[in-house]
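Okay, so here's the structure we're looking at.
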Amino acid sequence: MTGEFEYDVFLSHSSQDKAVVRDVAERLQTDGLKVWFDEWVLKPGDNIPAKIEAGVEHSRVLVLCLSAHAFGSDWASLEAGTFRFRDPLNKDRRLIQLRLDNAPIKGSLAQFLYINWSPADREQEYPKLLGAYRPPATPNYPENVRNRFLTEMAGSARLWAWEDRNEQTMVD
């Protein structure tokens, strides 16, 4: 993703949701993301709070896996609070809520749009989850413009811009 973050995504979850979250981690990794997932990073003898803090610090996106189990977990609260502290407006770093069940979302987390990860919706919702990590291909241009090739025309200052629809537009 970007050079400033070691991980694209940090997965915060309750250990009781491990099987579901492991599937998410494996799928994201298969799609080329660098994933901080506790089973892959934590080793015997590690200081768990310090490793979690470092993982959150070096991740561009925090996925907070919400469930009835997670709302009872101190780890999930710690991770979400730490991440929001670093970017309270959710601009440079993102907090993505992955709702695993129908547990109500309360407090400050209710202001963020979530991704519904119920079994029936996972395939439909996965592109939204994956898209949350992808920076725009050309961040200085509108989203609908993926590639912009500028070529000087011989003897003129005119430039051609190629847009998504392969239409040519003259840029002076």
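The values are calculated or read from the model by the stated rules, or taken from the named source; none is laboratory data. A quick note: this is a predicted structure, and the numbers were derived from the prediction, not measured. Every residue, glycine as well, gets a Cβ built from its backbone with ideal geometry; the counts of neighbours run over all protein chains shown. Each accessible area value is taken on the protein alone, full model and side chains, heavy atoms only, with ligands, DNA and RNA left out. Shrake-Rupley method; radii C 1.70, N 1.55, O 1.52, S 1.80 Å.
Tyr114 accessible area, nearest 10 Å², 1.4 Å probe?
90
If packing is taken as the mean number of other Cβ atoms within 10 Å per residue, what is the order of 59-66, 23-30, highest first?
Sorting 59-66, 23-30 by mean packing, highest first, produces 59-66, 23-30.
Need one number: nm distance between label points at Leu130 and Glu53, each 7 Å from Cα along Cα→Cβ, rounded to one decimal.
With each label placed 7 Å out from Cα toward Cβ, I get 3.6 nm.
Highest mean first, what order results for 34-42, 47-55 on Cβ atoms within 10 Å?
The packing order, highest mean first, is 34-42, 47-55.
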